Amino acid sequence: MAIGEAERVQEKCQVTIRILIAEDQALVRRGAAHLLSLETDMQVVGQACNGLEAVELARTLRPDVVLMDLHMPIKGGVAATREIMQSLPATQILVLTTLDDDETVFEAVRAGAQAYLLKDADEDELLETVRALRRGESRLTPQIARKVMDQFRRLAATAPSRAAEPSAHLKATSEMLSDKEERILQLICEGMSNRQIAQALFLAEGTIKNYVSRIMAKLHASTRTELAALSRAVPYRPR
């Protein structure tokens, strides 16, 4: 057995990921719950049929990961995501929806969602994304990442404090990054968690966390997911 595969097997045996599912369609909700409950490292601790119930259950159950539908009655998924992140910043939000329109994607990421999957994603992709979130990683499909970046560019183009050409603004901002920060940004773009980056660069995890905070400030990113999306637009320049 390869080392990487052995580590994943060990991770599944040792870690129980507590999951809350927020989905208004009962068939979809129960199907997802059944799929996740078959995994030895996952436990579905609650199910919500609307955004208000999702917020209340999240605050009570304190799950590790929330599977969040965006379009639900009473309170939508974006608003529910925002409220959960304000109360439980350590909780990871995985948006799972049939829609990929630009505005909805962008608002979900701005609200604090760390991953975004369409409902036609295969089972393995869903399970791996849940595990990646538990490891502290952010996941956006290439299609979703492009949509988020397009929205950032539109905002940059209309903001008076930024350059008229968004790519020029990002390039100018990237010039402010140190060699170490650029290397860390590249590793974030590759999907590495703080722990993995720390191991790769032989630094303390707390040191990496400080670097990430500084990079986020320089690139005007409010969440790690935004930073991962922005990093795709800032070229890595080895020196």
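Some observations on this one:
- For His220, the stated conditions hold: it is surrounded by 15 or more Cβ atoms within 10 Å (Cβ to Cβ), outside the structural domain of Gln114 (by TED's automatic domain parsing) and either at pLDDT 80 or above or under 18 Å from Ala111 (Cα atoms) (or both).
- Positions within region 175-200 being aliphatic (A, V, I, L, M) and not in a helix (DSSP H, G or I), in sequence order: Met176, Leu177, Met192
- Condition broken by Leu203, with the remaining ones in (1) at pLDDT 80 or above; (2) surrounded by 14 or more Cβ atoms within 10 Å (Cβ to Cβ); (3) in a helix (DSSP H, G or I) satisfied: (3)
- Boolean, Val105 is more than 25 Å from His34 (Cβ to Cβ), surrounded by 14 or more Cβ atoms within 10 Å (Cβ to Cβ) and in contact with a Lys or Arg (Cβ under 6 Å, 6 or more places away or on another chain): yes
- Hey, Asp41 acidic (Asp, Glu), surrounded by fewer than 20 Cβ atoms within 10 Å (Cβ to Cβ) and touching a Pro at 6+ places or on another chain (Cβ under 9 Å) or not: no
- If you check Arg195, Arg135 for being assigned by TED's automatic domain parsing to the domain that holds Ile19 and modelled with pLDDT of 65 or more, only one passes: Arg135.
- Look at region 167-190: where a residue is closer than 15 Å to Glu137 by Cβ and a partner is among the small types (Gly, Ala, Ser) and at pLDDT 80 or above, sitting 6+ places away or on another chain with Cβ atoms under 7 Å, you get Leu187/Ala200.
- Residue list for region 108-132, filter: buried (at least 22 other Cβ atoms within 10 Å of the Cβ), hydrophobic (A, V, I, L, M, F, W, C) and modelled with pLDDT of 85 or more: Ala113, Ala115, Val130
The values are calculated or read from the model by the stated rules, or taken from the named source; none is laboratory data. Since we're looking at a predicted model, the values are computed, not measured. Using ideal geometry, Cβ is built from the backbone for each residue, glycine included, and neighbour counts are taken over all protein chains shown.
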